[in-house]
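The values are calculated or read from the model by the stated rules, or taken from the named source; none is laboratory data. Computed from a predicted structure; not experimentally measured. No Cβ is skipped: glycine too gets one built from the backbone with ideal geometry, and neighbour counts run over all protein chains shown.
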């Protein structure tokens, strides 16, 4: 029988990283994700698998430790929450440019600025539209269950190494702090078959590998950009992930990710009990965004409500995907306030059905 | 079966751990569970609450506006959550420190004077388990053996000598809870 544990989302992603065979974690505490490092420190994975845990002096230090360790071909992870992730943006851009694999975790809290410590989803633009400078993209996974916090650690490493690119796991305070049942898998080996031929592992008779994002020759830099864009196009083709719930007969559609998807699913149940046929579309990858799938559903529904704990960020991608074919409205709470399922249903009735 | 519960009181009363024990008990009998705390700077002395859901089906929203059961342990929480009990639902409260007693006629109201009993038993730390026992008398959603198994899993081994006292507290709660007419 599989091992079941009651865990917080933050603890689950920490255990998931150990079991995925991660080599190192560098981080700096910030609510609502401090349990990630607390759990790792308690578990002492250096005694279990040899995985290194280090508390850095700041988020800027963490991301640069990640850059260095990732350059040696190791599986490395950091986690933070919104203000800390803002501090890391320079390093994330450098890692995207230098094609370094890593797993980043953002347990989003209310902003802007230091904001609040309560759940939010207002970092969607930052993660999916840039954040740092330059033409790069961040493969972004959005867990909605504590089980997915656990599972996405391994998936994150797999995708990061498959494409040699940073992967963001974008959760929020609700998923980080809540507890659910988690099925724990087997321990993966730390040293695996990942291709490390590009890494700085000691020259030993081969040509030297240089890890850098700097190339002052614009013609070569353009070639590098063309290479990156081709890689991002491959990701768009192969890595779109999503979940559809009762969309087959839906007249209206909720589009929501992470904790908002859970809340919207309950709102969907309340709506169906009243005879309103609503479906739920949950993007699991925020980038690449499930554009084609939303395009297809938008042809058969009367209206779409995006539910986000923000002022309305993902709604732009939903409007682009549905090509403004149907009415697309946004409902959200901000600054750390979490909507109730009843509020979501009321918004649907007011903005789409009554309107 | 789905049971949606809010447990609310002062930080330090064992609100969050009572919820955790309930959630663990649910796991012991193969149910789906969720536990979501109103986390924040309110630790000891402030207000604390946790939403716990036990269900035979996969749980959608861990956040709710209305509940099948409210377990209320101070006046502020009474003011906030009395109205959130679904019609026909259950409100369990400890009378200690309550000035404005619940007045709704469309729900079942039960009183368990857990703090007074805990003082009598000479151990105020088992307060929350007396409350839990009272609740389980009214809604036996988890079996006592599963509560004990859940407790055993959630308590570090060095505290396993406290298991009998916890069991005694649960029994006491079942004994002293009364329905308020």
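Values as computed for the structure displayed
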| item | result |
| --- | --- |
| Residue under evaluation residue A:270, criteria (1) within 14 Å of chain B (Cβ to nearest Cβ); (2) surrounded by 21 or more Cβ atoms within 10 Å (Cβ to Cβ); (3) in contact with a helix residue (DSSP H, G or I) (Cβ under 6 Å, 6 or more places away or on another chain), criterion not met | (2) |
| Subset of segment A:20-39 [away from chain B (no Cβ under 14 Å), part of a loop (DSSP other than H, G, I, E, B) and without any contact (Cβ under 8 Å) to a residue 40 or more places away in the chain] | A:29 |
| Residue count, segment A:71-84 (criterion: touching a helix residue (DSSP H, G or I) at 6+ places or on another chain (Cβ under 7 Å) and either assigned to a helix (DSSP H, G or I) or not assigned by TED's automatic domain parsing to the domain that holds residue A:139 (or both)) | 1 |
| Answer residue from segment A:334-351, given it is facing chain B (nearest Cβ under 10 Å) and touching a strand residue (DSSP E or B) at 6+ places or on another chain (Cβ under 8 Å) and is surrounded by the fewest Cβ atoms within 10 Å (Cβ to Cβ) among those | A:343 |
| Verdict on residue B:133 being closer than 30 Å to residue A:145 by Cβ, free of Cβ contacts under 8 Å to residues at least 60 places away in the same chain and surrounded by 15 or more Cβ atoms within 10 Å (Cβ to Cβ) | no |
| Residue identified as surrounded by fewer than 21 Cβ atoms within 10 Å (Cβ to Cβ), in contact with a helix residue (DSSP H, G or I) (Cβ under 6 Å, 6 or more places away or on another chain) and more than 18 Å from residue A:98 (Cα to Cα) among A:170, A:187 | A:187 |
| Residue, nearest to residue A:83 (Cα to Cα), within segment A:40-65, restricted to residues that are part of a helix (DSSP H, G or I) and touching a helix residue (DSSP H, G or I) at 6+ places or on another chain (Cβ under 7 Å) | A:59 |
| Number of the exception - residue B:69 against (1) over 20 Å from residue B:86 (Cβ atoms); (2) more than 10 Å from chain A (Cβ to nearest Cβ); (3) touching a helix residue (DSSP H, G or I) at 6+ places or on another chain (Cβ under 9 Å) | (1) |
| Lone qualifier among A:168, A:149 - being at pLDDT 95 or above, under 23 Å from residue A:76 (Cα atoms) and assigned to a strand (DSSP E or B) | A:168 |
| Wholly within segment A:275-355, strands (runs of 3 or more DSSP E) carrying at least 2 residues that are farther than 30 Å from residue A:163 by Cβ | A:278-283, A:303-308, A:327-332 |
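Listed here are the residues, each with its yes/no results for (1) touching a residue at least 60 places away in the same chain (Cβ under 8 Å); (2) under 30 Å from residue B:64 (Cα atoms); (3) over 20 Å from the mean Cα position of the chain (by Cα).
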| site | (1), (2), (3) |
| --- | --- |
| A:161 | yes, no, no |
| A:174 | yes, yes, no |
| A:190 | yes, no, yes |
| A:208 | no, no, yes |
